[in-house]
Structures are given as C-alpha cells and as structure tokens.
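A quick write-up on the structure given underneath.
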Amino acid sequence: MPAPEWLATVPGVTREEPLARHSQFGVGGPADWFAQPRDVESLTELLRGGADAGVPVTMIGAGSNTLILDNGIRGLVLRFADRHLRRLGDGAVELGGGCMMPRAALDCARLGLAGLEFGIGVPGTCGASVYGNAGAFGTEIADVLTDCTVLTPHGESVVLDGAACGFSYRHSRLKDQLRGHVVVSARFRVHADEPAGVRARTEAIQAQRKASQPYGVRSLGSVFKNPPGDAAGRLVEATGLKGRRHGGAQISTKHANFICNIAHASAAEVLTLVELAHDEVMRRFGVDLEREIIVLGEPAVVAGSAVP
C-alpha cells in the first residue's frame with residue numbers, strides 16, 4: 001500500500017507533527033509523520049514498514065544537540081521512548097535507548113552504583129549519547145560502555161561491543177558506516193559505592209555545569225567540537241562574538257560555544273550565528289571548527305547576516 005496509507009493505519013502515528021515540541025531546544029518545523037514507539041517490537045515494525053515502503057526514517061533523541069531546520073523533516077520521524085534502567089548486578093546497568101542520561105545518573109546514585117555520574121552533564125538520551133559518544137567533564141560513553149543493541153534499518157537486531165562502535169571524539173560508526181542503525185539499549189560498567197558518595201560526585205558535576213554553561217535556558221549544547229589543544233568556546237569568545245544575537249538566537253553570554261533560544265528563534269537564525277562564529281574563528285585564527293551539533297531537515301529560508 002502507498003506509504004501515507006500504510007502509516008495512517010499504525011496506532012500513535014501523527015501527521016504534520018511540530019518537532020519543536022519534541023526538542024529541548026524548542027526549534028524545528030514539522031515531520032511528515034511522527035511516532036514515539038515505546039518498545040523494541042513497535043520500533044522494529046515501523047523500521048521494517050518504512051524500509052518496505054521506501055519511506056525515509058529519521059531518529060531523534062531529546063533534541064539537546066540537534067538543530068531541526070525550519071521546513072521540518074520529510075518522511076517518518078521516530079523518537080524511541082523506552083526509558084528503562086535495569087540493574088544487571090553490581091557490575092553493570094542497562095539503559096533503554098530513550099532513557100535520559102541525567103535521570104540515569106540520579107537513579108544510579110540512589111542505587112549506590114558509581115560510574116555514570118558524568119551523565120548528569122549530558123542532557124540527552126542513551127541512544128543519542130552512544131551515537132555521538134557524548135561526554136562531560138572528562139568522561140565519555142566510550143569509557144563506560146560494555147555493549148549496545150541496535151536495530152538495522154530493516155529492523156534486524158545486532159549487538160555491538162565498544163570496539164565495534166568505533167568510538168572517537170564525539171563520534172561512532174553509527175554516524176557513518178552504520179548510519180541508519182538505531183540504539184535500542186546499552187549496557188554500562190558500574191560498581192557499588194556508598195549512595196551518598198555517588199550523589200555527592202553527581203551534584204559536584206551538576207554544580208560545575210551550572211557554573212560554566214548556560215542553565216535554565218534552551219541551549220543547543222556544544223555547537224563545535226574542541227580542536228586539538230584548544231577550546232572552541234575560547235576561540236569564539238576571542239573573536240568578540242560572545243553575546244551576539246540574531247533574531248531570537250544568541251551566542252551565550254556565559255559560554256561562547258553554546259547558542260541559546262531566547263525568543264522563539266528559527267533554525268535559520270541559529271545557523272546564521274553558527275556560520276558567523278565558524279567564519280570569524282577561521283579568519284582570525286585559521287582554525288576550521290567542526291560542528292558538534294547535528295543538523296536535520298530542510299531549511300525554509302536563506303539565513304541573513306547577524307546583528308550586534
């Protein structure tokens with residue numbers, strides 16, 4: 001059956017769903033079709049159906065480090081909603097692909113399990129964090145992951161260990177060779193410790209994040225990867241762009257490697273600032289900053305020039 005008719009028969013699938021409401025950044029146009037499968041079986045059915053019907057499928061997480069463009073995303077957009085945390089003994093925990101990393105950090109602290117304290121500083125889902133080898137304050141996913149279960153674009157289940165994930169700085173093979181594979185669960189190394197001690201370390205990381213990064217405001221996370229031996233935020237700040245605003249978007253006044261949505265920003269306005277920061281750092285310092293953010297979808301307009 002034609003793709004629209006097939007999708008219209010699946011429970012929970014919506015049409016022309018505004019993706020801004022599913023993004024922590026609060027920016028993004030509509031999805032042609034959207035669903036939030038809550039279990040692996042439902043996700044598998046949607047992936048297989050999309051593959052069979054030739055419908056492009058795009059996965060999103062919490063949208064804390066993803067910019068969805070103003071014309072939205074064509075085809076079927078899925079956000080996996082399995083948020084389970086399962087203790088596998090004192091040596092490991094399993095997280096569902098939709099589990100938020102800060103929630104996992106707090107739950108592990110309550111259970112007296114150490115190892116995921118850094119997750120309090122990673123405002124994304126488990127699946128997206130594995131995809132991008134997310135990290136915070138000296139620890140990243142590659143340091144603690146045992147293995148993960150992924151679904152291929154055709155819905156087949158595969159288990160990948162850390163080596164098979166091919167982790168590097170803010171990168172995994174899920175971004176290239178395994179593009180289209182979806183993380184549905186992951187196992188992480190932990191060890192037993194006093195709950196009070198684990199919680200104290202978690203709170204210290206949270207305090208450090210609040211002190212050094214924009215907090216309590218919609219932000220896009222780290223816009224650029226840190227170049228070798230330097231920090232992207234320092235370079236952007238050195239150009240004098242800290243606090244620069246364009247429309248509803250602003251380069252954070254607290255940390256110049258973050259862009260904030262301060263007044264119903266459009267994706268085009270955000271990209272204007274991204275491009276301005278990149279070009280100014282290149283012009284002043286000869287450093288070609290690489291984006292850390294993921295950009296999805298189709299633009300609605302051509303971005304203009306930023307204003308002071």
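The values are calculated or read from the model by the stated rules, or taken from the named source; none is laboratory data. From a predicted model like this one, the values you see are computed outputs, not experimental measurements. All Cβ positions, even for glycine, are placed from backbone atoms using ideal geometry, and neighbour counts span all protein chains on display. Accessible surface areas use protein heavy atoms only, side chains included; no ligands, DNA or RNA. Shrake-Rupley method; radii C 1.70, N 1.55, O 1.52, S 1.80 Å.
Of all the listed residues (V281, V270, V274, V287), the sole one being buried (at least 18 other Cβ atoms within 10 Å of the Cβ) and either in a loop (DSSP other than H, G, I, E, B) or in contact with a Lys or Arg (Cβ under 8 Å, 6 or more places away or on another chain) (or both) is V274.
Of G155, G98, G112, all but one fail to be open to solvent by less than 30 Å² (accessible area, probe 1.4 Å) and touching a Phe, Trp or Tyr at 6+ places or on another chain (Cβ under 7 Å); the exception is G98. The residues of segment 1-32 that are hydrophobic (A, V, I, L, M, F, W, C) and surrounded by 15 or more Cβ atoms within 10 Å (Cβ to Cβ), listed by number, are A3, W6, L7, V10, V13, L19, A20, F25, V27, A31.
Residues in segment 11-27 that are part of a loop (DSSP other than H, G, I, E, B), closer than 14 Å to G72 by Cβ and polar (S, T, N, Q): S23 only. Restricting attention to segment 168-183, the residues that are in a strand (DSSP E or B) and surrounded by 19 or more Cβ atoms within 10 Å (Cβ to Cβ) add up to 2. Among the helices (runs of 4 or more DSSP H) confined wholly to segment 64-165, which include 1 or more residues that are closer than 23 Å to G49 by Cβ? It comes to 126-131.
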